[in-house]
Amino acid sequence: MPESMFRQAHGAFVAGQALGRSVMHGRALQNEGDAATAPRPLRICFVSSQVYGLFRPSSGLPIGGAEVQIASLAKELAHHPKCEVVILTGDGARTDREREGDIAIVLSPLYAVSPAYLESSGAAPSAADDLPIGWGSIKEKGHRYVGQCPGWLAFVIRSVVRGGYTCKRWLLSIPALHWFAGKIREGQRTLQWLWLFRSIRADVYVTRCASAQVGYMQTVCSLLRRPFVYMVAHEMDVSGEYVRANPSAGRLFERGLRRADAIVCQHGGQADLVRTRYARDAYVVRSVCPSPIRSSAVESKKTILWIARTDSWKQPELFLDLVARLPTESFVMVAPPSQIEPDILRRIKDRVKLLANLRFLERVPFEATATLFEEAKVFVNTSKWEGFPNTFLQAAACGTPIVSWSVNPDGVLDRHQFGLCANGDTARFEQLVRLLCADDALRTVLGEQGRRYVREHHDPAVVAGQFAEMCRVLSRGHEAGDGQVCRPVHGDRRSIMAP
């Protein structure tokens with residue numbers, strides 16, 4: 001090859017390499033620019049004192065419907081490409097960070113219920129409303145230490161401690177000092193929440209269940225200029241019943257509820273209560289169905305199922321009365337102990353011994369309850385009142401018809417025809433159970449209606465998408481400097497977020 005041609009070809013090759021490098025460099029810069037300008041995921045923090053019991057059953061923490069809903073919604077949002085999910089919860093005095101799939105779990109004693117405290121007292125404080133952080137473990141260690149001391153020293157220590165408590169009670173009996181001490185406690189707790197929320201760095205903070213902590217959370221979110229969302233778990237949250245039953249904690253709770261950037265209800269009846277008591281509109285975002293839709297033959301369904309905590313307002317003994325009056329039917333009762341009324345479980349166990357047609361289970365892992373619903377031909381609810389029971393959704397997803405003594409949120413059983421309600425009439429309640437047990441065809445129709453209802457109204461992906469959009473609008477409003485901009489259409493009972 002002539003030297004001139006070689007030089008020309010080599011020059012073209014070098015120029016091509018340079019052009020390629022410049023194009024690749026330009027694309028890299030463009031990709032970096034796109035990444036820099038792409039919106040970052042919305043970081044949502046759910047706050048729940050006992051939801052850790054669902055992720056780590058070995059923790060021994062009691063769980064209920066509120067925890068199931070938070071965990072179900074968090075798991076669904078974690079799959080959303082534009083969301084990051086953090087759960088703030090507690091496990092005694094532990095301070096730690098863990099991961100459950102795509103969910104970050106933050107453990108803090110600030111919002112924890114100690115299993116040891118639950119076991120010893122039979123009652124759960126609302127996220128340690130009145131106890132200092134770590135006080136349960138300190139008190140337990142103190143008792144152990146005093147128990148190992150010589151008798152005379154143990155007597156002196158106990159006398160000093162009792163004297164201190166007596167002096168404290170006397171000082172706090174003075175109204176001015178009592179008021180001042182309360183304000184100091186509120187200030188300390190607010191600073192603790194402020195430090196904790198700042199470390200999480202979420203765009204939106206969400207909690208569920210009434211407690212004094214709602215007031216602290218809302219105050220801190222206001223200081224951080226972050227939206228605060230309260231999710232109604234029960235009618236008593238917004239009817240005034242919680243405030244009347246818990247005046248001190250209720251004052252802080254209601255302050256946070258009134259100032260929340262958004263109140264999310266489970267159904268239109270709760271939204272009506274919010275409008276009546278607080279003169280503001282609320283969102284209606286339906287509950288996530290915590291179980292997949294299942295199909296099972298009618299012939300395989302043979303039991304009558306009851307699942308609930310043994311709280312007095314859930315009336316577990318009304319179910320035992322039903323068991324005694326239907327001796328030819330097979331019943332299953334899942335009854336975890338009440339956190340506030342432990343004596344009820346002891347009474348139930350005494351009665352269970354006399355009922356040969358009842359299978360009694362005190363504790364069942366949440367995942368295992370799906371099998372019980374599949375095997376049940378009827379699910380019964382004996383509560384006086386509830387929010388929107390997760391058990392209704394679990395039963396409907398398995399094609400199991402429902403008989404409710406009183407609970408019928410927003411008339412859902414009548415409107416969608418997947419269950420029957422006795423409206424608080426005990427004789428009628430028994431008649432309805434007998435009717436369903438004797439009519440396979442009716443149970444089949446109601447079961448199919450239940451599956452259809454869950455499929456159309458409680459699809460996890462749809463509900464999570466609605467919730468994410470609400471949080472995104474709230475976050476944008478705060479970034480723009482507008483507080484509480486995300487509001488339902490005034491006067492619309494179901495709100496713009498309802499499916």
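All of the numbers you see were taken from the coordinates with simple rules; none came from a lab. Predicted model, so just to flag it, every value in this text is computed and none were measured. Note that we place each Cβ from the backbone using ideal geometry, even for glycine, and neighbour counts take in every protein chain shown.
List ASP102, ASP459, ASP203 from most exposed to least, where exposure is judged by having the fewest other Cβ atoms within 10 Å.
Taking fewest neighbouring Cβ atoms as first place, the list is ASP102, ASP459, ASP203.
Among LEU326, LEU432, ILE402, whose Cα projects farthest towards the positive end of the dipole of the range 298-457, with charges put on the beta-carbon of Lys, Arg (+1) and Asp, Glu (-1)?
The residue sitting most towards the positive pole is LEU326.
FRET efficiency for LEU194 and GLU469, Cβ-Cβ distance as r, R0 = 35 Å, nearest 0.05?
Between LEU194 and GLU469 the formula returns 0.80.
Which ordering of CYS437, CYS167 is given by a fewest-first count of other beta-carbon atoms within 10 Å?
Ascending number of Cβ neighbours within 10 Å: CYS167, CYS437.
Using packing as a proxy for protection, rank 304-316, 333-345, 188-200 so that the peptide with the highest average count of other Cβ atoms within 10 Å comes first.
304-316, 333-345, 188-200
For ASP439 paired with ARG169, estimate the spin-label separation in nm (one decimal), with each label point 7 Å from Cα along the Cα-to-Cβ line.
Spacing of the two 7 Å Cα→Cβ label points: 6.1 nm.
Sort the following peptides by mean Cβ neighbour count (other Cβ atoms within 10 Å, averaged over residues), highest first: 49-58, 242-251.
Highest-to-lowest ranking by the protection proxy: 49-58, 242-251.
Please work out the Kirkwood hydrodynamic radius for the range 298-457, using every pair of different C-alpha atoms, and report it in angstroms with one decimal place.
Hydrodynamic radius (Kirkwood, Cα pairs) of the range 298-457 is 15.6 Å.
Would you mind ranking TYR278, TYR111 so that the residue whose beta carbon has the fewest other beta carbons within 10 Å leads the list?
Ordered from fewest to most neighbouring Cβ atoms within 10 Å, TYR278, TYR111 come out as TYR278, TYR111.
Could you tell me, in Å, what Rg and Dmax come out for the Cα atoms of the range 222-347?
Rg and Dmax of the range 222-347, Cα atoms, are 19.6, 62 Å.
Once you keep just the Cα pairs under 8 angstrom separated by 6 or more residues, what percentage relative contact order results for the range 187-335?
Over the range 187-335, the number comes to 17 percent.
Where in the range 301-315 is the amide nitrogen less than 18 Å from a point lying 7 Å along the Cα-to-Cβ axis of ARG363?
307-311
For the range 184-259 and the range 414-466, compute the distance between their C-alpha centroids and round to whole Å.
35
Suppose the chain between GLU448 and SER222 were pulled fully straight at 0.36 nm per residue; how much longer would it get relative to their current alpha carbon spacing?
76.7 nm
Please report the relative contact order for the range 309-431, taking Cα pairs under 8 Å with a sequence separation of at least 6, and give it as a percent rounded to a whole number.
This gives 21 percent for the range 309-431.
Farthest toward the dipole's positive end in the range 298-457, which of CYS421, THR369, HIS457, given Cβ charges of +1 (Lys, Arg) and -1 (Asp, Glu) about the Cα centre?
It is THR369.
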